[in-house]
Amino acid sequence: MMNENVLREGLLSTAKAMASSGLNTGTAGNASVRCARGFLITPSGRSYEDCSADDMALVAMDGSWQGPFAPSSEWRMHRDVLQAHPEAGAVLHAHSPFATALACHRRAIPAFHYMIARFGGDDIRCAPYATFGTQALSDSALAALENRSACLLANHGMLVFGSDLRRTLSLAVEFETLCEHYWRACQLGEPSILSATEMAEVITLFETYGKPRPTPASGSASTPEAG
């Protein structure tokens with residue numbers, strides 16, 4: 001695991017990138033990264049442009065924390081995702097425009113595009129509404145994330161996790177783009193939905209997507225690119 005100071009710098013950079021990439025404005029949204037003593041998370045109600053790496057709050061898995069500022073009010077959700085998903089190294093929550101628009105309609109995103117498989121299944125679920133910062137919201141999010149790496153939070157925004165900060169930010173940007181595509185497609189009516197069989201084939205292909213490709217045996221075909 002990376003040195004905690006390196007993780008602090010990476011977390012602050014990620015939080016600032018959330019704004020520059022269009023995922024967030026103001027003090028909305030938050031991000032966290034797993035560390036040896038629990039996890040580091042962005043502070044509550046602070047502009048990231050005014051923060052230093054030392055302002056990132058250190059939270060233990062029992063909820064106790066250290067730092068000059070209180071941790072994000074969504075620390076429970078981050079803690080519970082990290083506990084439920086050992087493969088998760090970082091978590092990101094944002095009020096991005098298109099994801100939030102869909103979340104305010106409490107709409108799951110069906111398999112209108114094969115890249116939905118990027119997030120683990122044949123749809124993106126929308127977690128039922130619960131007040132921000134509560135255990136009820138965390139419980140709803142965990143259910144929506146079963147076998148998925150992203151979900152919508154009703155009347156709220158998006159939640160994404162990945163293996164590290166860089167990958168999680170990248171996934172969040174991809175997710176917001178898919179939300180925009182779905183929103184735009186819906187302006188022409190309900191888009192055509194890929195069948196369960198079609199999506200099962202894509203999900204199988206995604207098992208090796210982004211991973212080192214083994215040297216193919218002589219005469220064998222290589223795996224097609226997903227996009």
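Points worth noting:
- Within the shell defined by Cβ-Cβ distances under 9 Å, the residues around PHE69 carry a net charge of 0, with Lys and Arg each +1 and Asp and Glu each -1.
- Radius 13 Å from Cβ of THR100, net charge of other residues (Lys, Arg +1; Asp, Glu -1): 0
- Diffusion constant of the stretch 1-125 at 37 °C, which comes from Stokes-Einstein with the Kirkwood Cα-pair radius and 0.692 mPa s, µm²/s: 213
- ASP122 accessible area, 1.4 Å probe, all protein chains in place, Å² to nearest 10: 70
- FRET efficiency, 1/(1 + (r/R0)^6) with R0 22 Å, evaluated for THR177 and ASN147 via beta carbons: 0.50
- Expected 222 nm ellipticity per residue - DSSP helices of 4 or more, -39500 (n - 2.57), all of the chain, to 500: -11000 deg cm²/dmol
- Largest to smallest in accessible area, the residues ASP164, ASP54 fall in the order ASP54, ASP164 (1.4 Å probe, all protein chains included).
- Residue ranking by accessible heavy-atom surface, 1.4 Å probe, largest first, among TRP183, TRP65 comes out as TRP65, TRP183.
- Calculated P(r) of the chain - Cα pairs past 24 Å, %: 44
- Relative to one another, the C-alpha centroids of the stretch 74-109 and the stretch 18-68 are positioned 15 Å apart.
- Annotation for the stretch 22-82: trypsin sites (Lys or Arg not before Pro) lying in DSSP loop with at most 13 further Cβ atoms inside 10 Å of their Cβ are ARG37.
- If both residues of a DSSP beta bridge must be in the chain, then about 90% of such bridges are antiparallel.
- Residue-count net charge about ALA196 - beta-carbon cut-off 13 Å; Lys, Arg +1, Asp, Glu -1: -4
- Taking every protein chain into account, the 1.4 Å probe leaves HIS95 with about 80 Å² of accessible area, to the nearest ten.
- Centroid-to-centroid separation of the stretch 187-207 and the stretch 154-185 [C-alpha atoms, Å]: 18
- Rounded accessible area of TYR48 (nearest 10 Å², 1.4 Å probe): 20
- When a 1.4 Å probe is rolled over the protein heavy atoms, the share of accessible surface on the chain that falls to carbon and sulfur comes to 53 percent.
The values are calculated or read from the model by the stated rules, or taken from the named source; none is laboratory data. Quick caveat: nothing in here was measured; it's all calculated off a predicted structure. Cβ atoms come from the backbone with ideal geometry, glycine included; neighbour counts cover every protein chain shown. Surface areas here come from the heavy atoms of the whole protein model, side chains and all, with no ligands, DNA or RNA. Shrake-Rupley method; radii C 1.70, N 1.55, O 1.52, S 1.80 Å.
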